[in-house]
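For reference, the structure is listed below as structure tokens.
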Amino acid sequence: MKKLLFTTSLLLCAFGLRAQVQLPVFACDDAIAEQPVLVGMTDTAAYFPLLEGRRVAVLANHTAVAGFVGGQVAGEPSGADCCGAGRMPGASAAGTVHLVDLLYGRGFDVTAIFSPEHGFRGTADAGEHVASSVDTRTGIPIRSLYDGNTKRPSDEAMRSFDVLLVDMQDVGLRFYTYYISMLRMMDACADYGCRVVVLDRPNPNGSHVDGPLLDMKYKSGVGALPVPVLHGLTMGEIARMALGEGWAKPCELEVVRCRNYTHDTPYELPVAPSPNLPRQRAVYLYPSVCLFEGTVVSLGRGTDKPFECYGHPDMKGYAFAFTPRSTAGAKHPPLEGKLCRGVDLSGMPLDEAREQGLTLKYVMEAYRNLGLGDKFFTPMFEKLIGAGYVREMIVAGASEAEIRARWAEDVRRFRALRERYLLYE
């Protein structure tokens, strides 16, 4: 039986697990311009009742935090917190709390933490194997879904809980892997009769739907569903679509919605979602620049501008240069130790980067500059872009407009499908 609950939510006020930053209030739709966006984690009235008397597991990472002012949820009436029980347990002096600390402090029976790519603390490299461990603050076991061995949790792990809470900040791209971890856990929960509750968060690229649909022959760890590169969905909406389209096994699903949010709402992430997306501009450039992962070109891993620059030792005609080094979150970056010349995108205005969405121009310019022909690409390119014809058309000399025309009808059909599962205007 599929059961969907569409409730509410909050805007994060944290930049790290227990640190705070000042958040801007965005001008957008007149109806919500004066209200901060609120993420699902703070609508405890919607999900706390679902946890009472249940064993709870959490699929989350460092982004599962929310801001509280004077011990109460931002945006709630003065003098009362989200569930009428005084100051939020586990809240830092800066007024932020992690979901696990919140649940533990409230006395819920949290039996396990499942961690996605980059680990529970969000510090591991892309694709790096992360061992299971124990949360030192609460003593709750952390079960890694990226330990190199776990295709799905063990029978013992799945029998240890009744309800799975999912809370991770996604960025709205098919090759960003947090949704894949969610789908794996949804399938496992379907097999064991566990309820899934998704605490939703905004999609910072939510106004964009673009790119080829994934040809499922290229299905991989960086692409699991036949959706465009930019799918324009939140995690809760992806979960709804996966169930509705039969891409995930039927399970009991609840989605706790965001408040004061539409897909056109500009939303700057107060928490870096992963080590190599440390700034908002990188989040906006990620759809286009990440395609370099499927080429011989560096996209700035191992620098202070990951996903905000690109280059190669043999690129010509560029004054900008960088040398990738081993850094936190990029222990051995591509072209490590080699002087690369290329393009610095870090000065692009945020509004321009946000409006750009997906473009092939950076990859196509670098392809022409290096003159390597098909050797410019690696097999990862198809896994990222999702279709074989894009490389073929670039090599054949097609324009970006001609390539985009090839996927335009697929995007139109997907937009119509997407409408069935949207939770926000």
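Summed over the stretch 247-268, residues that are surrounded by fewer than 21 Cβ atoms within 10 Å (Cβ to Cβ) and under 29 Å from Arg404 (Cβ atoms) total 5. What about Glu245, is it under 18 Å from Leu59 (Cβ atoms), among the charged types (D, E, K, R) and in contact with a helix residue (DSSP H, G or I) (Cβ under 8 Å, 6 or more places away or on another chain)? Against the criterion (under 18 Å from Leu59 (Cβ atoms), among the charged types (D, E, K, R) and in contact with a helix residue (DSSP H, G or I) (Cβ under 8 Å, 6 or more places away or on another chain)), Glu245 does not qualify.
A quick yes/no check of all residues on (1) closer than 19 Å to Tyr47 by Cα; (2) modelled with pLDDT of 95 or more; (3) in a helix (DSSP H, G or I); (4) touching a strand residue (DSSP E or B) at 6+ places or on another chain (Cβ under 6 Å):
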site: Thr150; (1), (2), (3), (4): no, no, no, no
site: Val171; (1), (2), (3), (4): no, yes, no, no
site: Ser181; (1), (2), (3), (4): no, no, yes, no
site: Ala190; (1), (2), (3), (4): no, yes, yes, no
site: Pro202; (1), (2), (3), (4): yes, yes, no, no
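The strands (runs of 3 or more DSSP E) located wholly in the stretch 282-398 that include 1 or more residues which are β-branched (Val, Ile, Thr), over 20 Å from Ala272 (Cα atoms) and at pLDDT 95 or above occupy 340-344.
Candidates Pro333, Pro306, Pro349: the one that is without any contact (Cβ under 8 Å) to a residue 12 or more places away in the chain and either among the hydroxyl-bearing types (Ser, Thr, Tyr) or assigned by TED's automatic domain parsing to the domain that holds Val289 (or both) is Pro349.
Report yes if Val255 is over 19 Å from Ala353 (Cβ atoms), outside any loop (DSSP other than H, G, I, E, B) and at pLDDT 95 or above, otherwise no. So Val255 fits the description; yes.
Out of the residues in the stretch 269-304 that are touching a Cys at 6+ places or on another chain (Cβ under 9 Å) and farther than 18 Å from Leu384 by Cβ, which is surrounded by the most Cβ atoms within 10 Å (Cβ to Cβ)?
Pro270
Taking Leu233, is it in a helix (DSSP H, G or I), assigned by TED's automatic domain parsing to the domain that holds Pro36 and in contact (Cβ under 8 Å) with a residue 24 or more places away in the chain? Judged against the criteria, Leu233 is not a match.
Of the candidates Tyr286, Tyr267, Tyr261, the single residue that is in contact (Cβ under 8 Å) with a residue 40 or more places away in the chain and either of a type in the set (A, V, I, L, M) or in the same structural domain as Pro379 (by TED's automatic domain parsing) (or both) is Tyr286.
On the stretch given as the stretch 314-361, residues that are out of contact with any Lys or Arg (no Cβ under 7 Å at 6 or more places or on another chain), closer than 16 Å to Thr303 by Cβ and among the hydroxyl-bearing types (Ser, Thr, Tyr) total 2.
Taken together, the criteria place Arg259 among residues that are more than 16 Å from Ala64 (Cα to Cα) and touching a Ser or Thr at 6+ places or on another chain (Cβ under 7 Å). Here the stretch 119-143 is the region considered, the condition is being under 22 Å from Val197 (Cα atoms) and out of contact with any Phe, Trp or Tyr (no Cβ under 8 Å at 6 or more places or on another chain), and the residue that is modelled with the highest pLDDT is Pro141.
Against the conditions (1) touching a Leu at 6+ places or on another chain (Cβ under 8 Å); (2) closer than 29 Å to Leu214 by Cβ, Lys375 satisfies every one except (1).
The values are calculated or read from the model by the stated rules, or taken from the named source; none is laboratory data. Just so we're clear, the structure is a prediction, and the values are computed from it rather than from any experiment. FYI the Cβ positions are ideal-geometry reconstructions off the backbone, even for glycines, and counts take in every protein chain you see.
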